[in-house]
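Below: one structure, written as structure tokens.
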Amino acid sequence: MQIKVKHPIEEKNRHQEEFLSNLKEESEKEYHSLIFSYGNAIYLYYNLPYEASEQDYREWLGGLNDSLREYMESKGFEACKSVLSFTRYVREKMI
């Protein structure tokens with residue numbers, strides 16, 4: 001089995017491939033190959049560059065329940081740029 005989604009850092013790829021080559025059971029190789037591919041895809045996704053705008057912020061606020069929206073509005077756009085649900089919202093718009 002082969003890792004489908006490669007890690008962008010070559011050293012990580014080497015470690016993953018070495019780990020797989022030392023496994024004896026084919027089912028274990030398939031399982032870990034899948035796990036590495038999944039983890040690498042997640043790493044790539046969360047490291048995508050993104051540019052959040054105030055328009056994105058207003059749209060995102062519109063989808064929140066009242067109490068959470070009020071809280072996030074009180075924090076402001078700049079503070080919310082690092083909020084996980086906001087960064088997900090912006091990244092999903094990019095795809």
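All of the numbers you see were taken from the coordinates with simple rules; none came from a lab. The model shown is predicted, which means the values in this text are computed figures rather than measured ones. Glycine also receives a Cβ, built like all others from the backbone with ideal geometry; neighbour counts cover every protein chain displayed.
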When only Cα pairs under 8 Å and 6 or more residues apart are kept, what is the percent relative contact order across the chain? 27
For region 54-94, evaluate the Debye formula with one uniform point scatterer on each Cα (no solvent term) and list log10 I(q)/I(0) at q = 0.25, 0.33 Å⁻¹, rounded to two decimals. -0.82, -1.34
Dipole magnitude of the chain, debye to nearest 20 (Cβ charges: Lys/Arg +1, Asp/Glu -1, about Cα centre): 80
Taking the chain and counting helices only, DSSP H stretches of n ≥ 4 at -39,500 (n - 2.57) each over all residues, the nearest-500 ellipticity at 222 nm comes to -21500 deg cm²/dmol
Using alpha carbon centroids, what distance separates region 77-95 and region 1-41, in Å? 30
Starting from region 7-70, pick out the trypsin sites (Lys or Arg not before Pro) whose DSSP state is loop and whose Cβ has at most 16 other Cβ atoms within 10 Å. LYS24
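For region 1-83, state which GluC sites (Glu not before Pro) are in a DSSP loop and have at most 13 other beta carbons lying within 10 Å of their beta carbon.
Numbers: sites: GLU10, GLU11, GLU17, GLU18, GLU25, GLU26, GLU28, GLU30, GLU51, GLU54, GLU59, GLU70, GLU73, GLU78; in loops: GLU25, GLU51.
Those that pass, being in a loop and sparsely packed, are GLU25, GLU51.
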Label corresponding to volume of the Cα convex hull per residue in Å³ when calculated from the structure given, among (1) 123; (2) 175; (3) 132: (1)
Just want the answer: with Cβ charges of +1 for Lys and Arg and -1 for Asp and Glu, which residue in VAL83, TYR57, TYR71 is farthest toward the dipole's positive end in region 54-94? VAL83
